[in-house]
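Computed from the coordinates by the stated procedures, all read-outs in this text should not be read as laboratory data. Just so it is clear, the model here is predicted, and its values are computed rather than measured. When we count neighbours, we look across all protein chains shown, and the Cβ atoms used for this are built from the backbone with ideal geometry, even at glycine.
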Amino acid sequence: MITLLTQFGAEESSGIGALGLDGKALLVQLATFILAFFVLRKFAFKPILSVLTERRELIESGVNLGEQMKKEKAELEANVDKTLAKARTEADAIIGAAQETSRDTIREAEDKARDKAAGILTDAEERIKTDTARARKKLEGELVGLISDATEAIIGEKVDAKKDAQLIDRALQGQKA
């Protein structure tokens, strides 16, 4: 093959020589190119391709991670919204129950206050009746003493207790009627 190429390079009037190319130089350049290609392929292209592949994988994993984080963020926001809604509902229920309890407590306190006031009024009425009865008895006793003294002054003699009591009773009944 080398001889064939050198023949074409030797004849300048035909073949490759007609184009102005030297066959030996072409072969040397071709061999240098192939050697350079294999050396670059082994020592440069493979490491460069592996670095590029690693970068592409890293970028893809970052993009996938970003998308996954967006999904998780959306799920988290949905969970937060659900939790907040549930908390609001529970808070409203607690507030409603507290208001109802406070209304019941107020009603009970008002009922107790009414009952206590009624009891106080009843006690006061009983005391008034007792005090009135005591005052009447005392007044009757004093009145009996005054009537006895007045009878004694009018008649001029002391009347016995029995006759005195009869006179007093008649006098009192006359006042009541």
_Label-reachable residues, region 130-147, where backbone N falls under 15 Å from a point 7 Å from ALA171's Cα toward its Cβ_ = 139-147
*Report the FRET efficiency, 1/(1 + (r/R0)^6), for LYS129 and ARG107, where r is their Cβ-Cβ distance and R0 is 30 Å, rounded to 0.05.*
0.35
